[in-house]
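Visitor: Pasting in a structure now, in structure tokens, and then I'll have a few things to ask.
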Amino acid sequence: MATASDSTDPSPAAVESRADQASQPGFPADAIPAYLVRLQLSDKQQEQIKRVIQDYDQSIDEVWKQFSQRYFQTIAVECSLLAATEDNFTEQQRLRIRELRRRTAQQETSATETESRTAPTSAKPSDPVEKAIEGVGITLTPEQEAIAEKLEEKYRYHLRSLNREIHRFHARLLSLEADKLVAIEKLLTRDQLSELRQSRRNKPDDLKHSGLRGSAPETDPVVEKE
């Protein structure tokens, strides 16, 4: 295994400390990811890996920007659909759903409560309106349901188009990150590569802050009905 330079403390405690620092959000973008710091890279390897990261991250950052733009466009369209649907709710229905939405926005609802409300009740693909009213004690009248379905039909093509672009950018991001990892692995010794593979199999939490660029939204865009 490659050894650290004389200026770097190679002791397990020191290596773990440097790995912990590298795992923190906000660490320099071109810094060595935590899962690589633990491999006790030589100075030469560190410089080579930084160059690989810099070369790939220019393209990755651009795709992340496009991904984020499309994602937030999708959220905006879904919000417009929800607002149009709620225009046909009774005042009591609107107050109920908006209060729960306010609690969610302010993170006043526990994860357990949120999961219990949003757990799927069937294999039917979900849509923004169903997600909004599911489990909140609101029952739509047949007339309200008919209006909601017509609105969803009007919005469906636009949402489907945005979702396709999101999936396309996701595929590009995954490919770029995978290619970057392959390029980094080529710079490792056999022992380092073996240790890295062992870590991936046994300690997935170590890869939580793995040097990936950007941060994907935690909420998945709606999957439109065919």
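Visitor: Can you give me the long-range amide H partners of THR189? Hydrogens built in the peptide plane at 1.01 Å from N, cutoff under 5 Å, separation of 5 or more residues or another chain.
Guide: ALA2
Visitor: Would you mind calculating the gained length between LEU95 and GLN58 on full extension (0.36 nm times residue separation, minus the Cα-Cα distance), in nm to one decimal?
Guide: 8.7 nm
Visitor: Using the heavy atoms of the protein chains alone and a 1.4 angstrom probe, what is the accessible area of the range 143-203 per residue in square angstrom?
Guide: 67 Å²
The values are calculated or read from the model by the stated rules, or taken from the named source; none is laboratory data. Quantities reported herein were computed from a predicted structural model and do not represent experimental measurements. Just the protein is used for accessible areas: all its heavy atoms, side chains included, with ligands, DNA and RNA removed. Shrake-Rupley method; radii C 1.70, N 1.55, O 1.52, S 1.80 Å.
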